[in-house]
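Single-structure report; data block below.
The values are calculated or read from the model by the stated rules, or taken from the named source; none is laboratory data. Quick caveat, the model's predicted, so the values are computed rather than measured. Neighbour counts run over all protein chains shown; Cβ positions are idealised from the backbone, glycine included.
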Amino acid sequence: MDILNSTIAQLREMLKKKEISSVELTRYYLDRIGKYNGEILAYLRTTDDYAMKMAREADEKIARGEDAPLLGVPLGMKDILCTKGIETTCASSILKGFVPPYDATVIRKLKEAGFVHLGRLNMDEFAMGSSTENSAFQTTANPWDTSRIPGGSSGGSAAAVASGLCVSALGTDTGGSIRQPASLCGVIGMKPTYGRVSRYGLIAFASSLDQIGPFSRTVSDCATMLGVIAGHDPLDSTSIPEPVPDYHSFLGRDIKGLKVGIPGEYFVEGMEEDVRKNYEENLQALKDQGAELVDVSLPHTRHAVATYYIICTAEASSNLARYDGVKYGLREEGKDIIDMYKKTRFKGFGKEVKRRIILGTYVLSSGYYDAYYRKAGKVRTLIRRDFDDAFASCDLIVTPVSPTTAFKVGERLEDPLTMYLSDIFTIPVNLAGLPGISIPGGFDSRGLPIGLQIIGKPLDEGRMLQAAHVFESVKKVPTIPERLMG
């Protein structure tokens, strides 16, 4: 019985046939976490007793003949999703000890689907970062080379899936925080259309950009996870009131005649030669399967990073104002309430979070709002129009995910501009509110994973999964390092 390489559907079949129990499956993954997490540091904390309780309940339901898409399947959760009764910190000292009194909508949906909660996964503090080095608690390692970063901000989720420390996981993507770590860790990561998945209970970083999505090792598992968490939610005013299709119905279809757009602006200076070569090889693989490659232009791409870091910091400045030591989390006493605010925020927030709050407060301040924030909103509209124009001549757009493979821990920590440029290929998708997926595309000359990004039209996740499934079946890229297969 090959548990580690089994898909969600295969595990569900084993559970239904009583070939394995959810308790045994959960214990298998908790044992793997005990064996490997000291090296990878993907989990901030496991929820062993809670997981075993959920597993026993799942076994009871299976015994009664009940069924659900994730019944008895152990998953990991990025520590940014409010979970009732479970400490949720956003990897920040300011929220250490915070236990939400309610579930995020995605957590509620996963519970209804029968999942088992293994634990909380590491991340950049408040999802601000591209390397998971900004966590207040630990730095997650890349499973393919532990001297390198796993990407961020959902680095713990990507590393856990790539290490086989959970079947699948959830992360969040504000400017590439699912797709970039998925690429660097060699797994699948999807950012759905903005509004496709409810943000209720997601601790906000930048509300007009944040989106929750799945990590997995197969396209089939990605489709399963998306099908569970997607859908309209009246608790989220930005949630899209459209029915959720059967994403599995798109898998197995060919891509003959599918028009794939290739944006010239994504061949940038600074892209590693191995990444460029792999991208060209993967485009040829799609062409060999019948896809038609067409040139498209996204001319405002060069303004995307600057636009993003104005909008996201402005929204962060507003969203993080609530962390002041009054209602929850850390409190540092002061001589008066203003002094208490200052001491709490100074001690509770890390360096990168402080940097972004300062930037955001500046661009929203009197005299600078029009010069920066309002102008950034206008450029965002131009970026969205670029994609609208491009999609007039193609069905999907295919690009690299990151200009480089995983870099060394500490290499860019004191160079925030270079760090920000790690997301140059993913940020435009968030600004435009589009869906995007990173799928393993191969390895560089050092054995480090390289991802391929597929971008779709709004709510066209099904077609993205269709193309990703064809690509997966052709490339057959390993998703767990050989040394972690034991």
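Before moving on, here are some points about what is shown:
- Taking every residue in the range 454-466 that is at pLDDT below 95 and pairing it with any residue that is crowded, with 20+ Cβ neighbours inside 10 Å, at least 6 positions away or on another chain, yields no pair with a Cβ-Cβ distance below 9 Å.
- Considering only residues in the range 86-114 that are in a loop (DSSP other than H, G, I, E, B) and aliphatic (A, V, I, L, M), the one that is farthest from A206 (Cα to Cα) turns out to be A113.
- For the residues S147, S92, S135, the requirement of being more than 29 Å from T224 (Cβ to Cβ), surrounded by 24 or more Cβ atoms within 10 Å (Cβ to Cβ) and small (G, A, S) singles out S92.
- All of (1) touching a Ser or Thr at 6+ places or on another chain (Cβ under 9 Å); (2) in contact (Cβ under 8 Å) with a residue 40 or more places away in the chain hold for L226 with one exception: (1).
- Verdict on K84 being under 30 Å from T139 (Cβ atoms) and in contact (Cβ under 8 Å) with a residue 24 or more places away in the chain: no
- Residues that are in contact with a helix residue (DSSP H, G or I) (Cβ under 6 Å, 6 or more places away or on another chain) and among the polar types (S, T, N, Q) were ranked within the range 150-166; the one that is surrounded by the fewest Cβ atoms within 10 Å (Cβ to Cβ) is S163.
- For the range 307-341, a residue qualifies if it is free of Cβ contacts under 8 Å to residues at least 40 places away in the same chain, surrounded by 14 or more Cβ atoms within 10 Å (Cβ to Cβ) and farther than 15 Å from K96 by Cβ, and the qualifying residues are D324, G334, M340, Y341.
- Pairs are defined by a Cβ separation below 9 Å, a sequence spacing of at least 6 or placement on different chains, a first member in the range 272-287 that is hydroxyl-bearing (S, T, Y), and a second member that is at pLDDT 95 or above; the pairs so defined are Y279/V398; Y279/T399; Y279/P400; Y279/G441; Y279/I450; Y279/L452.
- Filtering the range 257-278 to residues that are surrounded by 12 or more Cβ atoms within 10 Å (Cβ to Cβ) and either assigned by TED's automatic domain parsing to the domain that holds A223 or at pLDDT 95 or above (or both) leaves L258, K259, V260, G261, I262, P263, E272, D274, V275, R276, K277, N278.
- Test result for R179, among the charged types (D, E, K, R), closer than 25 Å to L251 by Cα and over 13 Å from the mean Cα position of the chain (by Cα): no
- For the range 120-173, the set of residues classified as outside any loop (DSSP other than H, G, I, E, B), out of contact with any Phe, Trp or Tyr (no Cβ under 9 Å at 6 or more places or on another chain) and not polar (S, T, N, Q) consists of D145, G155, A159, D173, listed by residue number.
- Residue check, D254 acidic (D, E), closer than 23 Å to A432 by Cβ, modelled with pLDDT of 95 or more and surrounded by fewer than 19 Cβ atoms within 10 Å (Cβ to Cβ): no
- Residues considered: L396, L359, L413. Of these, the only one that is outside the structural domain of S93 (by TED's automatic domain parsing), out of contact with any Pro (no Cβ under 9 Å at 6 or more places or on another chain) and modelled with pLDDT under 95 is L413.
- Residue check for A285: hydrophobic (A, V, I, L, M, F, W, C) and under 24 Å from the mean Cα position of the chain (by Cα): no
- Residue within the range 373-391 that is touching a helix residue (DSSP H, G or I) at 6+ places or on another chain (Cβ under 9 Å) and either farther than 30 Å from P458 by Cα or not in a helix (DSSP H, G or I) (or both) present: no
- Filtered residue count, the range 195-212, keeping only those that are within 13 Å of the chain's Cα centre (by Cα), of a type outside the set (V, I, T) and under 18 Å from G462 (Cα atoms): 1
- Residues within the range 183-201 that are surrounded by fewer than 24 Cβ atoms within 10 Å (Cβ to Cβ) and either not in a loop (DSSP other than H, G, I, E, B) or not assigned by TED's automatic domain parsing to the domain that holds P478 (or both), tallied: 0
- Which listed residue is part of a helix (DSSP H, G or I) and either more than 27 Å from A392 (Cα to Cα) or of a type in the set (A, V, I, L, M, F, W, C) (or both), from V268, V260, V228, V244: V228
- Failed condition for E66, given (1) over 23 Å from V197 (Cβ atoms); (2) surrounded by 19 or more Cβ atoms within 10 Å (Cβ to Cβ); (3) not basic (K, R): (2)
- Of all the numbered requirements in (1) surrounded by 21 or more Cβ atoms within 10 Å (Cβ to Cβ); (2) not in a strand (DSSP E or B), H117 misses one, and that requirement is (2).
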